[in-house]
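Structure record follows, encoded as structure tokens.
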Amino acid sequence: MGLLFFGCGKKKTKLTDQSSISGSKTEPAWVTRCAGAFEDAGKEAFYGCGAVSGVENKALQIQTADARARADLAKAIDTYVASFFKDYLSSAGLSQEAGLTEIEEKQFIESITKEITEITLYGVQIVDRWRAPDGTLYSLARVSFENVAQSMKKAMSERAKELKLEA
């Protein structure tokens with residue numbers, strides 16, 4: 001696989017400028033960078049990576065790492081995020097009339113985030129795998145911009161048909 005670059009405006013950062021996750025000198029640059037849009041051999045594409053460790057069955061390792069790479073890629077393209085935040089304070093004090101002034105306060109903060117990805121992508125390929133020295137298996141998934149555009153056009157067409165049927 002060729003060298004990948006991350007593009008943002010005119011300045012392009014090399015993936016190899018990133019620090020290593022595993023500490024291995026043979027770790028591919030994509031392991032550190034993971035999901036996003038990168039340029040490879042002059043063509044831009046979306047990438048995602050997945051990892052699995054602690055699974056003895058080699059076939060299950062590959063399936064899991066590949067599935068996680070596809071999910072990571074899908075999250076780079078389409079993610080719905082819902083966030084819920086609660087902050088409440090309760091205060092209980094003793095009566096000053098009884099000569100007691102002790103006050104007890106409790107504060108509770110709760111934050112919940114839900115992330116949902118639902119997209120159908122055509123032409124996703126697993127283009128690389130790498131096993132770290134600790135046994136963790138990494139997979140790299142890629143889909144071209146053209147395939148993403150075709151997937152979105154198809155989804156819009158199907159939704160338009162659904163809306164016509166409902167009308």
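The values are calculated or read from the model by the stated rules, or taken from the named source; none is laboratory data. What you see is a predicted model; the values in this text were computed from it and never measured. Cβ coordinates were reconstructed from backbone atoms using ideal geometry, including for glycine residues, and neighbour counts include every protein chain displayed. Only protein heavy atoms, including side chains, enter the accessible area calculation; ligands, DNA and RNA are left aside. Shrake-Rupley method; radii C 1.70, N 1.55, O 1.52, S 1.80 Å.
Here are a few things to note about the model shown:
- Surrounding net charge for Ile112, when Lys and Arg each add one and Asp and Glu each subtract one, Cβ distance under 14 Å: -1
- C-alpha center-to-center spacing [the range 113-167, the range 59-94] in angstrom: 18
- Placing R0 at 45 angstrom, the Cβ-Cβ distance between Thr26 and Arg159 gives a FRET efficiency of 0.50 after rounding to 0.05.
- Accessible area, probe 1.4 Å, largest first, for residues Phe145, Phe84, Phe46: Phe84, Phe145, Phe46
- Residues in the range 50-57 carry Karplus couplings, in order, of x, 9, 8, 9, x, 10, 7, 6 Hz; the curve used is 6.51 cos²θ - 1.76 cosθ + 1.60 with θ = phi - 60°, and Gly or Pro positions show x.
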